[in-house]
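> Got a structure for you, written out below as structure tokens; questions coming shortly.
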Amino acid sequence: MLIYNVTINIDESVHDEWLIWMRDKHVPDMLATGKFSHAKMAKVLVEEDMGGITYSVQYTTKDRQTLELYYKKDAERLRADVPKLFSNKFVAFRTELEIISQQIP
């Protein structure tokens, strides 16, 4: 399994609207692609020097081929769907993580 991780720092002036949009629109749209089995959103507790509020959104997918299919068929459309309200109000970077092991008590 792979995790497609998107770390986002959002300006406090649009934070509340962005959080609602992420929970009610963007994350459901990502899951609706059928490429991800689930998503987790976590608030980063370390304060950034640049200000804002930082989140990590982790989308779990079964393999590299499925993630590549997301990039090819869905990524551009979903990235372009960000409301203008948030333009120039956030910074995002993406990483891919391979799950090596998972332990559940």
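The values are calculated or read from the model by the stated rules, or taken from the named source; none is laboratory data. For clarity, every value in this text was computed on a predicted model and none was experimentally measured. Note: ideal-geometry Cβ built from the backbone for every residue, glycine included; neighbour counts use all protein chains shown. We work out accessible area using only protein heavy atoms, side chains counted, and drop any ligands, DNA or RNA first. Shrake-Rupley method; radii C 1.70, N 1.55, O 1.52, S 1.80 Å.
> When only residues in the stretch 1-14 that are over 15 Å from the mean Cα position of the chain (by Cα) and not aliphatic (A, V, I, L, M) count, which is farthest from T54 (Cα to Cα)?
S13
> Residues that are under 20 Å from I100 (Cβ atoms) and either in contact with a Ser or Thr (Cβ under 7 Å, 6 or more places away or on another chain) or touching a residue at least 24 places away in the same chain (Cβ under 8 Å) (or both), at least 3 per element: which helices (runs of 4 or more DSSP H) completely within the stretch 1-81 meet that?
Ranges flagged: 64-70.
> Which residues, taken from the stretch 35-63, are open to solvent by 60 Å² or more (accessible area, probe 1.4 Å), of a type in the set (D, E, K, R) and closer than 15 Å to N5 by Cβ?
K40, K43
Table: residues versus (1) of a type in the set (K, R); (2) more than 18 Å from I8 (Cβ to Cβ).
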site	(1), (2)
K40	yes, no
L45	no, no
E48	no, no
I53	no, no
L67	no, yes
K84	yes, no
F93	no, no
Q103	no, yes
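> Of all residues in the stretch 20-29, which are open to solvent by 30 Å² or more (accessible area, probe 1.4 Å) and of a type in the set (A, V, I, L, M)?
Residue satisfying the conditions is I20 alone.
> When you go through (1) at pLDDT 95 or above; (2) closer than 20 Å to L19 by Cα; (3) surrounded by fewer than 11 Cβ atoms within 10 Å (Cβ to Cβ) one by one for A32, which number turns out not to apply?
Of everything listed in (1) at pLDDT 95 or above; (2) closer than 20 Å to L19 by Cα; (3) surrounded by fewer than 11 Cβ atoms within 10 Å (Cβ to Cβ), A32 misses just condition (3).
> So how many residues does the stretch 84-103 have that are part of a loop (DSSP other than H, G, I, E, B), more than 21 Å from Y4 (Cα to Cα) and modelled with pLDDT of 90 or more?
The qualifying residues number 2.
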